[in-house]
Amino acid sequence: MQYELIAAVDLGSNSFRLQVGRIVGDQIYPLDSLKESVRLAAGLTARRSLDGASQLRALETLGRFGERLRGFLPGAVRAVATNTLRVAKNAAQFLTQAEAALGFPIEVIAGREEARLIYLGVAHTLSNPRTQQLVVDIGGGSTEFIVGRNFASLQLESLYMGCVSHSLKYFPGGLVGKHAFKEAELAARKEIQTIVTAYRETGWDEAVGSSGTAKAIVDLLELNGLNDAAAPGITLGGIERLKSLLLRAGEVGNLRLDGLRADRMPVLPGGLSILSAVFKEFGLERMTFSEGALRLGVLYDLLGRYHHDDQREATVSQFMQRYAVDRRQAARVSQTALALLQQLSPETDAQEMTDALFLLWAARLHEIGISVAHSSYHKHSAYILANADMPGFSKRDQGRLSRIVLAHRGKLERIQAMALETRDWRLILCMRLAALLHRARDDTPLPSLDLAATEHGFHLTVDDAWLSASPLTATALEEEARLWAGLSMELRIRRDKQKAKP
């Protein structure tokens, strides 16, 4: 389905942002944006749980965003959450309330996926994306580093340090001392040292900063004439002059500079110490600024899905190659599984299309664990899908894929404890039947199969003569029916004596 308007929601560790864009061909024209300083990371307790106050701020903001998004179709909105909700132990509980307030699903994305989307947003704002860029995005709870050319990322990393977390740890109450700043900068440099060698080997032509911290510092340097020779962007000299002014003030609230916004004051010391560390570790003299950021990258990633340039599809293909998947077997299982799902869900709404995509990807990837060990390979497959970096997929997406693949063979009891939705049980049934029917791994045609949902489960109708000639498959289907009965879900195998062989 094509949309004229699409929207991205970014639940950052410092600010929540909403961006609405209009699609014109292959471009997105921003129409409206909202930003609220929620400072979610400041609500993380010592036990890494979100406190009540931060949750309330977040839910009130999402309620306002939800009002702006009324009337948007589900497929036209994508909401992503970043570092704080990656690490918060009570994130799942909070997300249930957050999705209700927003009115749309919220995806918690991995750090490298966040980096990929940030670069996609930045690349669409560069005057010459064909040059190689080092992009640095200092967020509230994490900092992303990307080297990319055109619209492809060559290096991706997310480090667990951000302007909110760093400010809280090293500059409590806004107090800024020389020793504290040195400690904050050294801690950031220590993190950066783990990636700098690989990034230097890849190389870059220009350094670019994105998002709120970079924007705030650019404004302070340019509006107050702190850069070297009034150069635009961020310079090393400008950082040192701003640092000196901050240390002289002793407390961020005492700093008097043009362009210093009240919502940025509490997190300025942490952000500046990280940026100073970035300049020193990467040997930078100057950094430009890009308005492109995560929310714009989310919009362009969404646009790519409409234009059949889905990053998730590319990731699945890469995984099939990396893990040496038997492509002919994957195609057999995929074709049969999708045909069965079509019988169960003949509708073509957005949710049905999404279900079909997940079933297709699960069928293509269900044997990647064989590269680890054939024994219990479905468990290895599920582990890889749940824990690997999979560009384009959220953590929730990966979890769904992992569960479907884990359940495609073996006992079903372990899956029952996961409290799956009815939709996923349908996908699991289709995967299990397809894998069972193609156990011989050959191209012998199957008989026509009729699968239908009933009040208590499912009915599968198979040609009687074919089953009589395939005793191994007939026995396997009977055992499958017993497994489903153990879940109090009926799978009745009906023999059709009238159905002719194909």
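The values are calculated or read from the model by the stated rules, or taken from the named source; none is laboratory data. Please read all numbers here as calculations on a predicted model, not as lab measurements. Quick reminder, even Gly has a Cβ in these numbers, built from the backbone with ideal geometry, and neighbours come from all protein chains shown.
Picking from Leu483, Leu467, Leu451, Leu477, which residue would you name as being in contact with a Phe, Trp or Tyr (Cβ under 8 Å, 6 or more places away or on another chain), outside any loop (DSSP other than H, G, I, E, B) and either surrounded by 15 or more Cβ atoms within 10 Å (Cβ to Cβ) or hydroxyl-bearing (Ser, Thr, Tyr) (or both)?
Details: Leu483 fails: in contact with a Phe, Trp or Tyr (Cβ under 8 Å, 6 or more places away or on another chain); Leu467 fails: in contact with a Phe, Trp or Tyr (Cβ under 8 Å, 6 or more places away or on another chain); Leu477 fails: in contact with a Phe, Trp or Tyr (Cβ under 8 Å, 6 or more places away or on another chain).
Going through Leu483, Leu467, Leu451, Leu477 in turn, the sole match is Leu451.
Every residue, every condition in (1) touching a residue at least 12 places away in the same chain (Cβ under 8 Å); (2) surrounded by fewer than 17 Cβ atoms within 10 Å (Cβ to Cβ), yes or no:
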residue: Val122; (1), (2): yes, no
residue: Ser127; (1), (2): no, yes
residue: Gly141; (1), (2): yes, no
residue: Glu144; (1), (2): yes, no
residue: Ala198; (1), (2): yes, yes
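Within the range 68-123, the set of residues being among the basic types (Lys, Arg) and touching a strand residue (DSSP E or B) at 6+ places or on another chain (Cβ under 7 Å) comprises Arg68, Arg78, Arg86, Arg112, Arg116. With a requirement of 1 or more residues that are among the hydroxyl-bearing types (Ser, Thr, Tyr) and either touching a residue at least 40 places away in the same chain (Cβ under 8 Å) or over 27 Å from Ala262 (Cβ atoms) (or both), the strands (runs of 3 or more DSSP E) lying completely within the range 1-117 that satisfy it span 15-24, 27-37. Identify all residues within the range 99-121 that are over 12 Å from the mean Cα position of the chain (by Cα) and outside the structural domain of Thr82 (by TED's automatic domain parsing); write none if there are none. Hits for the range 99-121 are Tyr119, Leu120, Gly121. The helices (runs of 4 or more DSSP H) found entirely in the range 352-445 that carry 2 or more residues being touching a residue at least 60 places away in the same chain (Cβ under 8 Å) and surrounded by fewer than 24 Cβ atoms within 10 Å (Cβ to Cβ) are 395-406, 413-416, 422-437.
Select, from Ala386, Ala324, Ala337, Ala314, the only residue that is modelled with pLDDT of 95 or more and more than 30 Å from Thr213 (Cβ to Cβ). Spell out how you get there, then give the answer.
Working: Ala386 fails: modelled with pLDDT of 95 or more; Ala324 fails: modelled with pLDDT of 95 or more; Ala314 fails: modelled with pLDDT of 95 or more.
Criteria check complete, one pass: Ala337.
When the residues of the range 265-307 are filtered to those that are among the basic types (Lys, Arg) and modelled with pLDDT of 90 or more, the one that is farthest from Ser210 (Cα to Cα) is Lys280. Among the residues of the range 228-262, the ones that are of a type outside the set (Asp, Glu) and more than 25 Å from Gly177 (Cβ to Cβ) come to 5 in all. Each residue in the range 198-223 was checked for being touching a helix residue (DSSP H, G or I) at 6+ places or on another chain (Cβ under 8 Å) and not in a helix (DSSP H, G or I), and 4 pass.
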